[in-house]
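Only one structure is covered here, and it is reproduced in the block below.
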Amino acid sequence: MRVITPKKYRDETWDFRKANTKEYTHRFHPYPAMMIPQIARRLLKEFGEGARLLFDPYCGTGTSLVEANLKGIDAVGTDINPLARLIAKVKTTVIPLDVLDSYLKDFNNFVFSVRLGKIRPDPTIPKFKNIDYWFKRETQYWLAVLKDYIDGIEDRDVRDFFKVAFSETVREVSLTRGSEFKLYRKSEKQIERFNPDVLRIMSEKLLRNREGMAEYIRAKRNDAKSEIYGFNTVHNIPEDILPPESVDIVITSPPYGDSRTTVAYGQFSRLSNQWLGFEEANEVDRRSMGGLRRRGIRYFDFKPLDEVIRRIADMDEGRAYDVVSFYDDYERSINNVSRAVRRGGVVAYVVGNRRVKGIEIPNDEITREFFERNGFIHLKTIVREIPNKRMPRRNSPTNVAGRTDLTMLYEYIVILKANGR
Ligand SMILES: C[S@@+](CC[C@H](N)C(=O)[O-])C[C@H]1O[C@@H](n2cnc3c(N)ncnc32)[C@H](O)[C@@H]1O
């Protein structure tokens, strides 16, 4: 008798319960819904034999790019969020330690002189909306001092390295509640007592990241590189960057819904983006998949998705528009990604299912279907539990404060192979 193994199954060995997710440069800067490095690493081991080019169409802070480069595989990533791109670039760019250390020494001397009053900087404090709402006046002064210092760093890679530590500092010294990805202000009482030492926090981040860079350099014994772009995979993938059928492996974790109702990447990054002067700062959530809501219902000729749309539309037509807009973009993006993958190449999408109006949307099935329509063959879907608190497990699907729902306890690693095209 032939034993048929189901292609979708729970596998605890992919939970990586006790894994250290902060090795190498992975420890730089938090970001919502990061992929854990162990997933990318194992996917590369099992499916990346002989691969020369990895592509991550939603690269965020570059987890898969770092892992590909560690294995000697070149990588291309894209993300519409400039902060994510900066972090991904810094995590994958080797700076010789002697160079880095000389800049860090200079920075220490600067801090020392400022503290002793030998230097009295007079920076211009940027003017952006709500700066006084999110930062105390004194904090604004110290951040501006740091920003001026960073702008004066000649070496571009070192300057970017400092910017990543600065961005994390911005977040920690702001009046946001630390544990939240969305921007919520601390209470008045907390604000009164909150007087962060901006220079000390910056120094700590720099030192921690320097150790991460040292580990990365020790582990990476090759000259593989990453290139990071800002193109939107919904619209196109520039052929001069990624010609058709050029990619050996895709490892990515796409957003699992529009930013208004799931993870607000733009909101998370807004304060850093404003301090760093990234102009598209307020555009990120609008440009994200499903960010431009189209009024209208369409169906996808795929029962599990169409049924969900029908049921949601019965309850709330507007929410159904959100869902349709997102999957419309998602389908286009998958069509574009498919074209870039070579015959025999592999794609692995790490997705979470979500609930809208209490109805679960099977993102794993939808991802599989959209790739199959492009001639891919489904190899398997691994179901893993999310042991690390990296995902906002509770969200408010009804958008009513206080009404929460448990979502995202499991995620799905959907793996397909490009064939017969
Ligand atoms: C789940 S996160 C990726 C996290 C990443 N794996 C990491 O470890 O940091 C999804 C990313 O998709 C990006 N994104 C959303 N819509 C996009 C689009 N249309 N094109 C490219 N990136 C997009 C968001 O800015 C976000 O950084």
Margin query: Checking the structure you have, find out if any residue of the range 274-297 is buried (at least 21 other Cβ atoms within 10 Å of the Cβ), over 30 Å from D240 (Cβ atoms) and more than 10 Å from the ligand (Cβ to nearest atom).
Written below: yes
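Which residues, taken from the range 298-312, are part of a helix (DSSP H, G or I), of a type in the set (A, V, I, L, M, F, W, C) and either touching a residue at least 40 places away in the same chain (Cβ under 8 Å) or surrounded by fewer than 17 Cβ atoms within 10 Å (Cβ to Cβ) (or both)? Lay out the reasoning, then the answer.
Within the range 298-312, the first condition is being part of a helix (DSSP H, G or I), and the residues that meet it are 303-312.
Within this subset, residues satisfying the condition of being of a type in the set (A, V, I, L, M, F, W, C) are 305, 308-309, 312.
Across the range 298-312, the qualifying residues are L305, V308, I312.
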ask   = Any chance the range 43-54 includes a residue that's in a loop (DSSP other than H, G, I, E, B), buried (at least 24 other Cβ atoms within 10 Å of the Cβ) and either of a type outside the set (A, V, I, L, M) or within 15 Å of the ligand (Cβ to nearest atom) (or both)?
value = no
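Out of the range 303-328, which residues are acidic (D, E) and more than 10 Å from D258 (Cβ to Cβ)?
First, the residues of the range 303-328 that are acidic (D, E): 306-307, 314, 316-317, 322, 328.
If the condition is that a residue be acidic (D, E) and more than 10 Å from D258 (Cβ to Cβ), then D306, E307, D314, D316, E317, D328 are the ones that fit.
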Given (1) hydrophobic (A, V, I, L, M, F, W, C); (2) more than 10 Å from the ligand (Cβ to nearest atom); (3) farther than 30 Å from I201 by Cβ; (4) within 19 Å of the chain's Cα centre (by Cα), I73 misses just (4)
Note on the range 1-42: residues in a loop (DSSP other than H, G, I, E, B), more than 15 Å from the ligand (Cβ to nearest atom) and touching a residue at least 60 places away in the same chain (Cβ under 8 Å) are K7, D11, D15, R17
With criteria (1) within 22 Å of R218 (Cα to Cα); (2) part of a helix (DSSP H, G or I); (3) near the ligand (Cβ under 10 Å from one of its atoms), T61 comes up short on (2)
(1) at pLDDT below 95; (2) touching a Lys or Arg at 6+ places or on another chain (Cβ under 9 Å) all hold for S226 apart from (1)
Going through the range 123-132 in order, the residues found to be modelled with pLDDT of 95 or more and either farther than 14 Å from V170 by Cβ or in contact with a Ser or Thr (Cβ under 8 Å, 6 or more places away or on another chain) (or both) are P123, D132
The helices (runs of 4 or more DSSP H) lying entirely within the range 122-228 that contain at least 1 residues which are of a type in the set (G, A, S) and at negative phi are 137-151, 156-173, 198-219
Within the range 230-254, restricting to residues that are within 9 Å of the ligand (Cβ to nearest atom) and either small (G, A, S) or closer than 20 Å to K89 by Cα (or both), the one that is surrounded by the most Cβ atoms within 10 Å (Cβ to Cβ) is I251
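The values are calculated or read from the model by the stated rules, or taken from the named source; none is laboratory data. In this text the structure is predicted, and so the values were computed from the model without any measurement. FYI the Cβ positions are ideal-geometry reconstructions off the backbone, even for glycines, and counts take in every protein chain you see.
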